[in-house]
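Read the structure below first, then the notes.
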Amino acid sequence: MKKHILVITNIKSDDLLPLEKARDIIHPFDASVEVVKFLHSNDTLETSLEQLEKSLKATVNEVFDDASEISSQVIYSDDIADWVVTRCQQTAVDLVIKTGHRSESLFHTPCDWQLIRHLPCPILIASHVKWKSKANILLTVDLSGNKTMHQKLNNLTLNWGETWSKVTHTELHAMYSIPIANTLLELDIVDKHTVKQNNAAQAQQKMNSLLEQCKLESVTSHITAGPPARTIPHVANELHSDLVVMGTIGREGMSGLLWGNTAEKVLHHLRTDCLIIGAA
């Protein structure tokens, strides 16, 4: 079945990377693409909506060799996340692509977090770095327990990684970080090397079993120890990964704030694209 990809671009930016990355995967994924630019109700523009839509269409034609499977539109909305989530639910979108807007203090806007938590499909948070010709993908899994939700996310992560690897001809790596609270490390209460030494064998056994179950025995695995906010970006940087695939569990209320804080720290330190796969 043909996939459907929704690309969110910035009306006030000439950044074409989200479109170019959608272009690079459209044919391997056999996908149609919908490109959307958003305007807020209080935005003051020098051109009309019709002219903006013509300009967007011209950009699409410039980026894509064949724009026959590409649709584009400019939308007025003060709640971008709500519009996108509703669109994905109504049209069965398989993947959303959006540029992450990094700053020194904050990586994601509130809109980004709403999308990550509520989208019914994966979202690719695109960095401002072009994909390399010889790339690799880092898959992050959680082996800390046997909860059904964790197992589901692990399988989704590995399945998406395998699919992405096949269509982009990239090498796969999988990692698990034995969890250690950052406070314990800062206070020198525990030593991460000791924790890894004591738990790595069991973690590696679980990793091997998971990869075998998903028929991915050839994937290179990595076991580390420490807070994921540090270990995931560190391994991705060492491997020069173009893409990190993460599974997340969307939550509301205080638990959502705690989850969001952890995920924000991971994403803030990443210098690469991140494919985020959520589970309700």
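What follows is calculated from the coordinates using simple rules that are stated; it is not laboratory data. Everything numeric here is computed off the predicted structure, so don't read it as measured data. Quick reminder, even Gly has a Cβ in these numbers, built from the backbone with ideal geometry, and neighbours come from all protein chains shown.
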Handout entry: Residue-span extension gain [residue 63 to residue 132] - 0.36 nm each, minus C-alpha spacing
Key = 23.0 nm
Fill in the blank from the handout: With x for Gly and Pro, the residue-by-residue ³J(HN,Hα) of the stretch 210-217, computed from phi through the Karplus equation 6.51 cos²θ - 1.76 cosθ + 1.60 at θ = phi - 60° and given in whole Hz, is 5, 5, 5, 4, 8, 6, 10, 4
Fill in the blank from the handout: Residues meeting the amide H criterion for residue 75 (H placed from the backbone, H to H distance under 5 Å, 5 or more places apart or on another chain) are 37, 38, 39
Problem - Two-site FRET efficiency, residue 32 against residue 269, from Cβ-Cβ distance with R₀ of 35 Å, rounded to 0.05 - result: 0.55
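Is there a pair in 130/206; 98/196; 2/37; 21/134 whose C-alpha atoms are over 26 Å apart, and which pairs would that be?
Where the Cα-Cα span goes over 26 Å, the pairs concerned are 130/206; 98/196.
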Practice task
Collect residues whose amide H, placed 1.01 Å from N in the peptide plane, falls under 5 Å from the amide H of residue 216; neighbours closer than 5 in sequence don't count.
Solution key: none
